[in-house]
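> Starting off with a structure, shown below.
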Amino acid sequence: VAHIIDAVLLPPSSATTAAPLPSLAGLVTSVDDLSTLLTAVSAAGLVDTLSGEGTFTVFAPNNKAFAAIPEKDLTALLADKEQLKQVILYHVLASQVLSTDLADGEQMVETASGGALWVTKSSSGVTVANSDRSIVANVIAADNMANNGVAHIIDAVLLPPSSATTA
C-alpha cells in the first residue's frame, strides 16, 4: 500500500536545528524582567565571567526583586563594585543544578562568593534562602538553559548576612 502525502518528511538529524543557546550573560540580556540584574552584572564587571566557559547555576533576581531594595541602598550597592560583585556571585553556583536534580527537602549549596544558600524543594515549589535564612526567594521560572549553565529566576535579591541592609 502506498500513501501519497503533501510534504517531505526528514529524519530528526536533517531537520533544521534550533538556534544555539546564549551564554548566561546573553540570557540575562534577552529577558526584559532581568534588566536591573544586567545593570548590576555590568557594573560589577562580571559580564565576561557569565559569558565564559564554565558550568554555572545563576539564581537571577527579577526587576521586582531589585525594586524591593530601598532606592538609596540599591544606588549605594550599584556604586560599590566590590560589594556588588560579592552580592552577584552569592547568586552563582559553580555547577549546573536543574530543578529536576533537586531532591525533596532542604539542602545547603556553596556559592561562587564562598558563601552558602539553602535550597528547599517541596510540593509548593522551590525556594532559595541566604545562609541565615533572613531572605527567602521563590523560584518563579526554573531551568532557563544557557550554553554555560542554567538560570533560575527568583523574586528576591539574596544578600549575604554581612551585606544585609537594615531598614
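> For segment 8-48, name all the residues that are at pLDDT 75 or above and either more than 30 Å from Glu82 (Cα to Cα) or touching an Asp or Glu at 6+ places or on another chain (Cβ under 6 Å) (or both). Working first, answer last.
Initially, segment 8-48 is screened for residues at pLDDT 75 or above, giving 8, 20-48.
Matches in segment 8-48: Val8, Pro20.
> Suppose we filter Ser134, Ser113 for residues that are closer than 26 Å to Val47 by Cα and either open to solvent by 20 Å² or more (accessible area, probe 1.4 Å) or part of a strand (DSSP E or B) (or both); which single one remains?
Values: Ser134 fails: closer than 26 Å to Val47 by Cα.
Testing whether each residue is closer than 26 Å to Val47 by Cα and either open to solvent by 20 Å² or more (accessible area, probe 1.4 Å) or part of a strand (DSSP E or B) (or both) leaves just Ser113.
> While we're looking at this one, here's another question. Of (1) outside any strand (DSSP E or B); (2) open to solvent by less than 30 Å² (accessible area, probe 1.4 Å); (3) more than 23 Å from Asp80 (Cα to Cα), Leu159 satisfies all except one. Which?
Every listed condition holds for Leu159 apart from (3).
> Then there's this: Which one of these does Thr120 not meet: (1) closer than 17 Å to Pro22 by Cα; (2) part of a strand (DSSP E or B)?
Among (1) closer than 17 Å to Pro22 by Cα; (2) part of a strand (DSSP E or B), Thr120 violates only (1).
The values are calculated or read from the model by the stated rules, or taken from the named source; none is laboratory data. Predicted, not measured: the structure shown is a model, and the values here were computed from it. Reconstructed Cβ throughout: ideal geometry from the backbone, glycine too, with neighbour counts over all protein chains shown. Heavy atoms of the whole protein, side chains included, go into the accessibility calculation; ligands, DNA and RNA do not. Shrake-Rupley method; radii C 1.70, N 1.55, O 1.52, S 1.80 Å.
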